[in-house]
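The values are calculated or read from the model by the stated rules, or taken from the named source; none is laboratory data. Everything numeric in this text was worked out from a predicted model, so none of it was measured. Note that each Cβ is placed from the backbone with ideal geometry, even for glycine, and that neighbours are counted across all protein chains shown. Note: accessible area is taken over every heavy atom of the protein model, side chains too, but ligands, DNA and RNA are not part of it. Shrake-Rupley method; radii C 1.70, N 1.55, O 1.52, S 1.80 Å.
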Amino acid sequence: MSESESSKMLPPYIPFDTFMGFIEFLKTSTVPSRIDKSAMPADLAALVRGQIQSALRFLQLIDSVGTPATKLRELVAACGTEKWKETLAGGISDAYCTLVGNVDLDSATSHQLDEQFRAFYDSEQMRMKAIRFYLTAMTAAGIKFSPHLMARRTNPAPRTRSVSRSPTAPKPARDNSESETAIDQGKFIGFPIGPNRFIRVPSDLTA
């Protein structure tokens, strides 16, 4: 695949498991002379089949008309064997080398990788899916990379600042000064029933 042709391809954004499922499907059948939608499992939606074709083209596993590359046959043959990681690692490194550029994957941050994918996808959601495929593929291939690349790419929801509530003000003590004065003047007889609390009755109350 020429450099100009490869530059038009978009990085895969399908789940890596979907891609793996197709490789395993070819392993249990055979690699056809052309990879088109009719060569894929019947239970796959038409949209998913198109996404798999796009992924295969970007990964340089088929050409623009769907003819399988030697890399695809080698990948399918290695599926489920001890050569799987090595074969997958070589394909991933070759396909993404131009995209990643001079980014040092051993120490890069998630923002640095995001900047590289921004040239292909303006949508943050699409970039996240494409980056997730890339990182999952490298993990499956046993390629080590910076732990910072796994950092969350979305800002957490802003914390709602709790409104501090003033503690309930204690009820003011009942002012019994007037009652006490009246009692002192002999107008009432006071019977205490608690701290600063009285029951008062007229001093001239008869039976």
Exercise for review: Would you mind telling me which numbered condition in (1) modelled with pLDDT of 95 or more; (2) surrounded by fewer than 18 Cβ atoms within 10 Å (Cβ to Cβ); (3) in a helix (DSSP H, G or I) Thr98 fails?
Suggested key: (1)
Exercise for review: State all residues of region 144-162 that are modelled with pLDDT of 75 or more, hydrophobic (A, V, I, L, M, F, W, C) and surrounded by fewer than 17 Cβ atoms within 10 Å (Cβ to Cβ); if no residue qualifies, say none.
Suggested key: Met150, Ala151
Check your understanding: Somewhere in region 113-123, is a residue open to solvent by less than 40 Å² (accessible area, probe 1.4 Å) and within 27 Å of Lys83 (Cβ to Cβ)?
Key -> no
**Study point:** Index of the failed condition, Ile62 passing every other in (1) at pLDDT 95 or above; (2) surrounded by fewer than 18 Cβ atoms within 10 Å (Cβ to Cβ)
**Key:** (2)
